[in-house]
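Okay, so here's the structure we're looking at.
The values are calculated or read from the model by the stated rules, or taken from the named source; none is laboratory data. Nothing here was measured: the structure is a model prediction, and the numbers come from that model. Neighbour counts are summed over all protein chains in view; Cβ atoms, including those assigned to glycine, are modelled from backbone coordinates with ideal geometry.
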Amino acid sequence: MDETLPSALPEPAAERKFDELSLSPALRAALQHLGYQTMTPIQAASLPIALAGHDLIAQAKTGSGKTAAFALALLTNLNPRWFAVQAMVLCPTRELADQVTQEIRRLARFEDNIKVLALCGGSTLRPQMASLEHGAHIVVGTPGRIMDHLERGSLQLAALNTLVLDEADRMLDMGFYDDIVHVARQCPRSRQTLLFSATYPEGIDKLARQFLRNPQEVKLLERHARSTIRQRFYEVKHEERLQAVGILLKHYRPVSTLAFCNTKAQCRDLAELLRSQGFAALTLNGDMEQRERDQVLVQFANRSCSVLVATDVAARGLDIAQLEAVINVDMTPDPEVHIHRIGRTGRAGEDGWALSLCSPGDRRRIGAIAQAIGSDPEWHTLGSLQGDDQTPLVPPMVTLQMLGGRKEKIRPGDVLGALTGEAGGGHRFTREEVGKITVTDWSTYIAVARELADAALKKLTAGGVKGKPVKVRALD
Ligand code: ADP
Ligand code: MG
């Protein structure tokens, strides 16, 4: 029988609407515009506390809507007519900072002219300094880059009223403890501090004691209550581990799979093996340049890469909407981490597979995990999967990379217009035939259905974008 993780808390008795909060009309309008009708459980638990001005420690799994929880609080504290930095959000990585910046902008859409600025490493300092000079209400950034600006005097925090630590657990993992403390010391003492985290490792309490004032705590242990995660454990010999991944992929045939290994070297070996077997597999690691990382994430999120191989540190915080399977190529010794890993599949009411490869030495770990999830593990053998369908697993989409992005003022609509319009001749695309279009600083990534990739390549090359010729290639 397939197992579903039990939820530690009962389902909330009734859905709670944003109406019960005292939010400005502009924020209400933005929520409506975004289609956020009811609060997610972490929003319902934390917003009343945050809007009342208390310090807060909030823990809930990835994908539970934590961003809007703190964004609504900091926007409520803001005076748009005062041009000074009034809120700061610290995030572990640039991707997360970008996601947070976008969510705050979406929620601030109907307020007058609120400026939200991302301050992260990987981009040059100068333009950020210029933007700061023009005045920003909210800054979102990584601790290192925020420190740079504080040292240079380009960022002033005297008017700050809200400090948010987002993904605090991840920031601790990445060794940002001292930086966070340093930055927090430079904020005014009378302020509201909100700490959000997906897990609750030891360091969080220590961090909170340093600079939160009588924080109220909200922890939602409710895990994956609505969707179904089907867990299966496969016993393998240690040396069969990597080979086993391809066998699982051919059997379950998930469109998108996140495969976890415990080391970078194992990630690289697995990605290489999978590619040699014909799978579209990519890996993510801390040594990559930002551009490479962006490119990998785009390809995985737009469904043109079947498998993303990563360590816990490289994968934490990624928000990928559709993930059919998680494979634990190496088991983690920590049940919390296991639950966090597999909680990435089976989201939004979809079913997901959580497949774990265990060598006899992992038995003890499985015992601890079984205890944490409160049910017996379901064991299967790889032998039962041999002789399966051997047709290669091909991703449904292809990513085209076009040179030119935000710096050239390219917007997604420009590319969509080029594909659906007449210029360049050939096939005129419908909106539905074009997948996600992602514009980064220097490149634009366009997902198209695999069978139309050539047609899209020809059309863009022949017709250009916004009347200008463009360079496009398919990523493989
Ligand atoms: P977390 O930070 O907890 O990992 P996010 O803030 O990134 O989660 O939110 C996950 C997704 O849920 C986002 O796509 C966001 O747009 C969506 N979301 C957030 N709040 C609501 C809501 N009240 N109703 C519907 N969708 C929501
Ligand atoms: Mg988040």
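Summary of values
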{"item": "Scope the range 249-294; condition within 25 Å of ILE339 (Cα to Cα), buried (at least 20 other Cβ atoms within 10 Å of the Cβ) and of a type in the set (Phe, Trp, Tyr); matching residues", "result": "PHE260"}
{"item": "Filter result (buried (at least 21 other Cβ atoms within 10 Å of the Cβ), of a type outside the set (Ser, Thr, Tyr) and near ligand 1 (Cβ under 8 Å from one of its atoms)) within the range 54-80", "result": "ALA60, LYS66, ALA68, ALA69"}
{"item": "Residue in the range 118-128 that is within 16 Å of ligand 1 (Cβ to nearest atom) and either within 27 Å of the chain's Cα centre (by Cα) or at pLDDT 95 or above (or both) present", "result": "yes"}
{"item": "Residue within the range 184-195 that is within 27 Å of ASP294 (Cβ to Cβ) and either crowded, with 23+ Cβ neighbours inside 10 Å or more than 18 Å from the chain's Cα centre (by Cα) (or both) present", "result": "no"}
{"item": "Of the criteria (1) more than 30 Å from PRO25 (Cβ to Cβ); (2) among the hydroxyl-bearing types (Ser, Thr, Tyr); (3) within 16 Å of ligand 2 (Cβ to nearest atom), which one THR101 fails", "result": "(1)"}
{"item": "Looking only at the range 94-106, and only at residues there that are surrounded by fewer than 23 Cβ atoms within 10 Å (Cβ to Cβ), in contact (Cβ under 8 Å) with a residue 60 or more places away in the chain and of a type outside the set (Lys, Arg), the one that is farthest from LEU163 (Cα to Cα)", "result": "GLU95"}
{"item": "Meets criteria (farther than 26 Å from GLU292 by Cβ and among the polar types (S, T, N, Q)) for THR76", "result": "yes"}
{"item": "Test for ARG213: is it part of a loop (DSSP other than H, G, I, E, B), within 30 Å of SER190 (Cβ to Cβ) and either at pLDDT below 90 or in contact with a strand residue (DSSP E or B) (Cβ under 9 Å, 6 or more places away or on another chain) (or both)", "result": "yes"}
{"item": "Considering residues of the range 248-304 that are without any contact (Cβ under 8 Å) to a residue 24 or more places away in the chain and of a type in the set (A, V, I, L, M) only, the residue nearest to VAL329 (Cα to Cα)", "result": "ALA265"}
{"item": "Residue within the range 162-181 that is assigned to a loop (DSSP other than H, G, I, E, B), farther than 17 Å from ARG316 by Cα and away from ligand 2 (no atom under 16 Å from the Cβ) present", "result": "no"}
{"item": "Members of the range 31-53 that are more than 10 Å from ligand 1 (Cβ to nearest atom) and not in a helix (DSSP H, G or I)", "result": "ALA52, GLY53"}
{"item": "Any hit, the range 205-213, residues being more than 16 Å from ligand 1 (Cβ to nearest atom), basic (Lys, Arg), surrounded by 16 or more Cβ atoms within 10 Å (Cβ to Cβ) and more than 26 Å from LEU107 (Cα to Cα)", "result": "no"}
